[in-house]
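See below for the structure under consideration.
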Amino acid sequence: MFAELSSVDKAKYVAAKRAVEFVEDGMKLGLGTGSTAAWMVRCLAERVHKEGLRIQGVPTSTRTADLAGELGLEVITLDEAGRLDITIDGTDEFDANLSLIKGGGGALLQEKIVASASDKMIVIADFDKRVAHLGQFPLPIEVLGFGLKSSQSQISELIAAQDVTECKITMRMAGGSPFTTDQGNYILDLHLGKIGDPEKLAVVLNQVPGVVENGLFVDICDLVVLGASDGTVEEQSKN
């Protein structure tokens, strides 16, 4: 199968395969969302069926829940699980401190809740996701529909005063309509160029009324597993 994959999928596959090696029998796991996380769910299901592992998974989106169910994994809610052992998820960007930008798949709120309820977060990615400074990938912000224009105006004023090199906001769309999350909220994508202080920005963004959550994951990730199309894998911990 590996030889038939595209270069991008080869990198995702080998990273996912390594990450699920951290899973042990009896664990409760957070299951991430996105194309890379989908490979993780497939690799996890393969281990479960081959080795008879007894694990329970808490999906971070309906897409992940559907895939896990189709592959025969036991799916439970976070309330049923309580504390999780590990969350394995993808990322849109990460820096040397393992600060992340997530939410390209539109599931940032559930992803952050699940990751924060875990003893360890492992991120799987290809080498292109590693950056010197966050911000090349637009920062997603999940917002309520009520008072959307007011929230966007306040966000615009706020980020203009932060340590960023750009200041542009776009509404995420799905076809001709605004994209909606599993919670029925909207997503604003902040094009910031370079984020000088991710920790500070994460805090101040969540002070804006109408902002549900932002896609900056700071001091949450413990390990990044990087895959390459030639099958090599590298692990990166915090500096």
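At a glance:
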quantity: Test set (1) closer than 25 Å to Thr180 by Cα; (2) surrounded by 15 or more Cβ atoms within 10 Å (Cβ to Cβ) - Ser150 fails condition number; calculated: (2)
quantity: Residue that is nearest to Ser99 (Cα to Cα), among those in segment 168-211 that are out of contact with any strand residue (DSSP E or B) (no Cβ under 8 Å at 6 or more places or on another chain) and surrounded by 15 or more Cβ atoms within 10 Å (Cβ to Cβ); calculated: Val204
quantity: Members of segment 1-20 found to be surrounded by fewer than 22 Cβ atoms within 10 Å (Cβ to Cβ) and closer than 23 Å to Lys102 by Cα, listed by number; calculated: Ser7, Val8, Asp9, Lys10, Arg18
quantity: Output for segment 129-139, where each listed residue is in a strand (DSSP E or B) and surrounded by fewer than 20 Cβ atoms within 10 Å (Cβ to Cβ); calculated: Arg130
quantity: Hey, Glu142 within 24 Å of the chain's Cα centre (by Cα), assigned to a strand (DSSP E or B) and within 19 Å of Leu188 (Cα to Cα) or not; calculated: yes
quantity: Residue in segment 26-39 that is surrounded by 22 or more Cβ atoms within 10 Å (Cβ to Cβ), touching an Asp or Glu at 6+ places or on another chain (Cβ under 8 Å), over 22 Å from Asp182 (Cβ atoms) and touching a residue at least 60 places away in the same chain (Cβ under 8 Å) present; calculated: no
quantity: Residue match in segment 141-151 (condition: among the aromatic types (Phe, Trp, Tyr), more than 30 Å from Thr232 (Cβ to Cβ) and at pLDDT 95 or above); calculated: yes
quantity: Selection from segment 161-181 of residues that are without any contact (Cβ under 8 Å) to a residue 24 or more places away in the chain, in a loop (DSSP other than H, G, I, E, B) and over 17 Å from Gly105 (Cβ atoms); calculated: Ala161, Gly176
quantity: Ala68 vs. criteria aliphatic (A, V, I, L, M), modelled with pLDDT of 95 or more and under 20 Å from Val8 (Cβ atoms); calculated: no
quantity: Cross-chain or 6+ apart pairs with Cβ under 6 Å, segment 192-203 first and under 14 Å from Ala160 (Cβ atoms) and in contact (Cβ under 8 Å) with a residue 60 or more places away in the chain, then surrounded by fewer than 23 Cβ atoms within 10 Å (Cβ to Cβ) and among the β-branched types (Val, Ile, Thr); calculated: Ile195/Val164
quantity: Candidate set: segment 47-65, residues that are part of a helix (DSSP H, G or I) and free of Cβ contacts under 8 Å to residues at least 60 places away in the same chain; chosen: the one farthest from Met27 (Cα to Cα); calculated: Arg63
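The values are calculated or read from the model by the stated rules, or taken from the named source; none is laboratory data. Predicted, not measured: the structure shown is a model, and the values here were computed from it. Note: ideal-geometry Cβ built from the backbone for every residue, glycine included; neighbour counts use all protein chains shown.
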